[in-house]
Amino acid sequence: MSTGAVERSWCVVVPHHGTGARLARHRLADELADLVPPPLLADLVAVLAELVGNAVRHADPLPGGVVRVAWRLRPGPTGPAVQLRVTDGGSGAGPRMRTASPDAIDGRGLHIVSGLASRWGVDRDGLGQSVWAEFDPTGTARPDLVAAG
């Protein structure tokens with residue numbers, strides 16, 4: 001695992017389709033495998049899969065039938081801080097946590113995001129919405145990684 005102290009950012013566009021989450025997961029894992037500890041990488045992959053899956057299932061695509069996926073890595077003295085951001089064309093209701101019964105086949109995604117990330121939220125603009133999740137090694141939110149919402 002690299003210990004370089006340089007902030008890095010990535011942005012990829014994936015199809016607004018079920019394969020989009022798989023493509024995003026693989027790209028994130030490939031890019032960050034040598035830059036973050038394996039337990040953090042596992043959490044990042046799980047959360048990104050949820051966010052892209054939710055964008056495909058519940059929101060409109062961006063122009064061109066796509067979803068934009070971005071992540072930013074900021075090394076720090078106690079470990080790396082990472083922010084994931086998934087931008088789609090938006091939806092009428094916006095993301096919300098639901099209560100799922102034990103027998104429900106869905107409705108747990110944002111609970112997973114909330115449980116694994118230090119903080120998450122939604123930003124809206126004229127193009128659509130971005131759902132972001134932040135991972136801080138101290139477990140607290142870093143204002144310099146969070147966009148105002």
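Within segment 112-130, restricting attention to residues that are within 13 Å of the chain's Cα centre (by Cα) and part of a loop (DSSP other than H, G, I, E, B), which residue is surrounded by the most Cβ atoms within 10 Å (Cβ to Cβ)?
The selected residue is 117.
Can you run down the residue pairs with Cβ atoms below 9 Å, 6 or more apart or on separate chains, where the first is in segment 71-92 and over 21 Å from residue 39 (Cβ atoms) and the partner is of a type in the set (Phe, Trp, Tyr) and at pLDDT 90 or above?
85/71; 85/132; 86/132
Being out of contact with any helix residue (DSSP H, G or I) (no Cβ under 9 Å at 6 or more places or on another chain) and under 12 Å from residue 137 (Cα atoms) is the filter; apply it to segment 64-87 and report the residue that is least open to solvent (accessible area, probe 1.4 Å).
Residues of segment 64-87 that are out of contact with any helix residue (DSSP H, G or I) (no Cβ under 9 Å at 6 or more places or on another chain), as a first pass: 64-65, 68, 70, 72, 74-78, 81, 83.
Filter again for under 12 Å from residue 137 (Cα atoms), leaving 74-78, 81, 83.
Details: 74: 45, 75: 43, 76: 30, 77: 142, 78: 98, 81: 0, 83: 15 Å².
Out of the qualifying residues, it is 81.
Of everything in segment 99-149, what is out of contact with any Leu (no Cβ under 8 Å at 6 or more places or on another chain), at pLDDT 85 or above and closer than 15 Å to residue 59 by Cβ? Give them in sequence order.
122, 123, 124, 129, 130
Out of all the residues in segment 22-39, which are within 22 Å of residue 118 (Cβ to Cβ) and either surrounded by 18 or more Cβ atoms within 10 Å (Cβ to Cβ) or over 13 Å from the mean Cα position of the chain (by Cα) (or both)?
The answer is 24, 25, 28, 31, 32, 33, 35, 36, 37, 38, 39.
Please name all residue pairs, on different chains or six or more residues apart, with Cβ atoms under 7 Å, provided the first residue is in segment 20-38 and is farther than 13 Å from residue 9 by Cα and the second residue is open to solvent by 50 Å² or more (accessible area, probe 1.4 Å) and polar (S, T, N, Q).
Pairs that qualify, where the first residue is farther than 13 Å from residue 9 by Cα and the partner is open to solvent by 50 Å² or more (accessible area, probe 1.4 Å) and polar (S, T, N, Q), are 34/2.
The values are calculated or read from the model by the stated rules, or taken from the named source; none is laboratory data. Here the structure is a predicted model, which means the values were calculated and not measured. A quick note on method: Cβ atoms are made from the backbone with ideal geometry, for glycine too, and the neighbour counts reach across all protein chains shown. We work out accessible area using only protein heavy atoms, side chains counted, and drop any ligands, DNA or RNA first. Shrake-Rupley method; radii C 1.70, N 1.55, O 1.52, S 1.80 Å.
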